[in-house]
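> Before we start, here is the structure in question, set down as structure tokens.
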Amino acid sequence: MGILIFLAYAIAVVVLAYFVTPAWLWAAVFLALGTIAMLVTGSSGWLAWTAALFLPVVLGLLSIPVLRRLVLTGPALNAVRSILPRVSRTEQEALDAGTVGWDAEIFSGRPDWQKLMAIGSGKLTAEEQAFLDGPTEELCRMIDDWEFRHNLADLSPEVWDFMKKNKFFGMLISKEHGGLGFSAQAQSQIVSKIGSRSGSAGITVMVPNSLGPGELLEKYGTDAQKEKYLSRLADGREIPCFALTGPNSGSDAAGMRDVGVVTYGKFNGERVLGVLLNFDKRYITLSPVATLAGLAFYLHDPENHLGKGEDVGITLALIPSDHPGMDIGRRHFPVRQPFLNGPVRGKDVFIPLDYLIGGQGYAGQGWRMLMECLSTGRAISLPAVGSVSVRQVLRATSAYARVRRQFGIPVGLMEGVAEPMARMIKSAYRIEAGRQLTATMVDEGQKPSVVSALLKYRATEAMREALNDAFDIHGGRAIQEGPHNYLLSGYLLTPVAITVEGANILTRTLITFAQGVLRAHPYLYAEIAAAQNKDKRAGLIAFDRAFAGHVGFMLANITGSFFQAVTGGAFNKAPVSHELTWAYRRFDRYAQSFALLADWTAVVLGGELKSRQALSGRMADILSDLYLWSATLKRFEDDGKLAEDRPVAEAVVRDAIASIERAMAEVLDNFPNPFFKFAMRALIFPFGHHARPETDARNYELVKAMLQPSAHRDRMTRGVFVSEDPSDPFGLLEDALQKVTRVAEIEKKFIRALKKGEIDRRLDRDAITDAVTKGILTHEEAGFLRLADEATDRVVQVDEFAPDALARQGTLRASGQKTEAAE
């Protein structure tokens, strides 16, 4: 009987915890169970009744908010206030800047798939599609990346003029102010296509449409500022840059040494109230040609002219480049790429107050303004560059791997080559799915700060991995610089993408999970906000509500994680009914485990989480794997559930499961608290972790499908510029692939004859003519094979130069830490 009573209590606890029931219901259930136990066992003593009623009474009392605040949440709030780490103003503004959406569903542990499926598919308007198919394609045909990199160290004047004329710099500026007013999705796809042709051209278009004066003026500018500048920015009469990074303040905005002091000074011959600036900025894209410089600085007002105190805070200004005291125009030369980048400096630069973006009302709000823009801009720009780089490299490498032969077979059919090729295929599908989903979120009004951070670092890391793999596959063909090298420019540009808008090493270990767990956790942010509330009573009420919810959340995570681990998610409800239903169910299993792990990591480590960056980085990896997994499923649905694409989606999911289990295991291995380490391991991996990535055999099938022209290959690499010009390096690849695959059966006969020794490949003989002479091939077959053979020879050739052809008219000589051009 005792065992039955124990089981009844255990089942009640699990059910009540799993379904997040209120305290009064716990009290009622335990009261009923206690009464039944007393009656069944025949116990009647006061001690037995006290034991039976103690827990129901305590829970019943705690269900009364006033009593709960007095004995539980009040003391807990005081404890939290005493240990809560100080959150700087810039940190708070970064937390407040963005919104949460699907990331909050992941942190909840029980995501509502309907919320994801309700997000659009990112379809462009007719006007946007026409711009993508018209001016964007035309611009891509004008681009000569070798000419830009080797001869001009800049884009050509014709390209600059074309960009200005067609308002490529005004995509985010509204039509009302003379811009194109395009969606985030359109901007992302346009930047992607240009970037597939030239990374430097893509960056040149990307920067004015990302974090810069245009977006800041649209959102915060005064009417006069909008009227004066936006139309001129849209059509390129004004070229903007934005100066944020300095020698001593990269990712650490609080360390900014650039200052402005509110004071009186002379402007246009009159004494006016303004700001005296001193600043030193570097790495500022477009600054060498900018006519307008946006500037971030820390504003001081020692005489309180603005009525905001002495330390006003980070403030933004817009300053003409020819303004007195501006030192702008010099260039950096990042990895020898032709996009324009340089320093912006100023000493004792006096500006009037109406140069402040938004006027003096926005003085001190600069960091919030930047974070709000970055939460959307970062979701559009660098994910586009990273995603299209993977797709472009995949398209080029798959063609090369089919055309190039070694040991008598296409190199793409060699297992050692197929392995990195499969990585590219899965990465291209996964990262493009994330890019498309995130850009659509922005268009639907979200400011996905956490998602944009994780996607930035995952997309640019995927870019790095894909280019490294492509170099391995191409071998010597990839390392010989010249106009026909279609990989080296992207390879050199990769560190730029990885470094800008938050270096990946910091984005992954400091920002993604640390901000995500505060913003997207169901209760943590509310608890912290309540603890910081200056109204003590209102803070206690808010904390009590959040704390009670958090306790229920913890209990649900404990029971849910164990149940999901034991069942493998087999009983989860999926929003679809087809071959990928299992992927949705398994997702919920790992989302529940992540919710437990994230919650306990934040609660146990608290303020120490900032210094536990290795753990934070692994948690960011888990979160990003879950996000990209869900984006992959969303893409598969949006693309029409095509059978040809399903193996790719399945492979992405299997790889994600293995990656998530590995990262979770590493978090547990390194968790500093032994009790919680043991408890979480038992709840998340009661039977150990055994997931494995996609098999070699299935990966090999993915590669085989990519080695021939098809609609599937086009979908895997959609959005890249595809040249049809055989004199173009990419066009040459496409031409060769078409010709080689067209003669596949003829080629088999030819190769068999070579292996049998009936003909021989020698420079002093024509093997194709010999094959015709010996009756191996017909004249018609030989003609087709010769076309394919000649195309292949052109593909595998590398550039070569006369001894003095690479000498520049000017050389660069070092002058201290600056560099001067010398003839």
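> How much of the accessible area of the range 193-273, in percent, comes from carbon and sulfur atoms when a 1.4 Å probe is used?
Values: 1410 of 3150 Å².
Its accessible area is 45 percent carbon and sulfur atoms.
> Hey, another quick one. Where in the chain are the DSSP H helices whose C-alpha atoms run 30 Å or more along the long axis and whose mean Kyte hydropathy is at least 0.0? List each step's numbers first, then the result.
Details: long enough: 366-403 (54 Å, 0.42); 415-443 (42 Å, -0.17); 449-474 (37 Å, 0.03); 536-567 (45 Å, 0.67); 581-605 (36 Å, 0.15); 613-638 (36 Å, -0.10); 646-669 (34 Å, 0.37).
Once both thresholds are applied, what remains is 366-403, 449-474, 536-567, 581-605, 646-669.
> To continue, here is another question. Can you tell me the FRET efficiency between Q480 and A807 if r is taken as the Cβ-Cβ distance and R0 is 30 Å, rounded to the nearest 0.05? Intermediate values should be presented prior to the final figure.
Working: r = 18 Å, r/R0 = 0.60.
The calculated FRET efficiency here is 0.95.
> Lysines within cross-link reach of K115: Cα-Cα under 21 Å, excluding same-chain residues under 8 positions apart?
Answer for K115, where 21 Å is the Cα cut-off: K123, K447, K573, K634, K641, listed by chain and number.
> For the range 466-570, give the percent of accessible area contributed by carbon and sulfur heavy atoms, probe 1.4 Å, rounded to a whole number. Could the numbers behind the result be given before it?
On the way: 2730 of 4150 Å².
Using a 1.4 Å probe with all protein chains present, the range 466-570 comes out at 66 percent carbon and sulfur.
> Kindly rank 551-563, 530-542, 224-236 from highest to lowest mean number of other beta carbons found within 10 Å of each residue. Write out the running numbers ahead of the final one.
Details: 551-563: 20.7, 530-542: 14.6, 224-236: 18.5.
Per-residue mean Cβ counts within 10 Å order the peptides as 551-563, 224-236, 530-542.
> How many angstrom separate the Cα center of the range 636-670 from the Cα center of the range 441-509?
Rounded to whole Å, the Cα centres lie 21 Å apart.
> How many Å² of accessible area per residue for the chain, probe 1.4 Å? Walk me through the numbers before you get to the answer.
Numbers: 35430 Å² over 823 residues.
Per residue, the chain has an accessible area of 43 Å².
> Hey, can you grab everything whose amide H is under 5 Å from the amide H of H332? Only 5+ residues off in sequence or another chain; H modelled, so Pro and N-termini drop out.
N341, G342
> What is the sum of charges, Lys and Arg at +1 and Asp and Glu at -1, for the other residues whose Cβ falls under 15 Å from the Cβ of I498? Walk me through the intermediate numbers first.
Numbers: positive: R378, K456, R458, R464, R508; negative: E461, E465, E501.
Net charge in that neighbourhood comes out at +2.
> Rounded, prolate or oblate: which fits the chain when a ≥ b ≥ c are the square roots of the eigenvalues of the alpha-carbon gyration tensor, with rounded for a/c under 1.5 and prolate only if a/b beats b/c? Show your work: numbers first, answer last.
Numbers: a/c = 2.61, a/b = 1.24, b/c = 2.10.
Verdict is oblate for the chain.
> Residues with amide H under 5 Å of E238's amide H, sequence separation 5 or more or different chain, H placed in the peptide plane at 1.01 Å from N; which?
Amide H neighbours of E238, under 5 Å, 5+ apart: L233.
> Using per-residue counts of other Cβ atoms within 10 Å, averaged over each peptide, order 316-324, 10-18 from highest down. Intermediate results must be reported in sequence, preceding the final value.
Numbers: 316-324: 18.6, 10-18: 15.0.
Highest-to-lowest ranking by the protection proxy: 316-324, 10-18.
> Measure off, as a whole percent, the carbon and sulfur share of the 1.4 Å-probe accessible area of the range 677-759, all protein chains present.
Values: 2320 of 4280 Å².
Carbon plus sulfur share of accessible area: 54 percent.
> If you don't mind, another one. Starting from the range 567-618, pick out the chymotrypsin sites (Phe, Trp or Tyr not before Pro) whose DSSP state is loop and whose Cβ has at most 15 other Cβ atoms within 10 Å.
Details: sites: F571, W582, Y584, F587, Y590, F594, W600; in loops: F571.
Sites meeting the loop and neighbour criteria: F571.
The values are calculated or read from the model by the stated rules, or taken from the named source; none is laboratory data. Because the structure is a prediction, the values reported are computed rather than measured. Cβ atoms come from the backbone with ideal geometry, glycine included; neighbour counts cover every protein chain shown. Note: areas computed on protein heavy atoms with side chains; ligands, DNA, RNA excluded. Shrake-Rupley method; radii C 1.70, N 1.55, O 1.52, S 1.80 Å.
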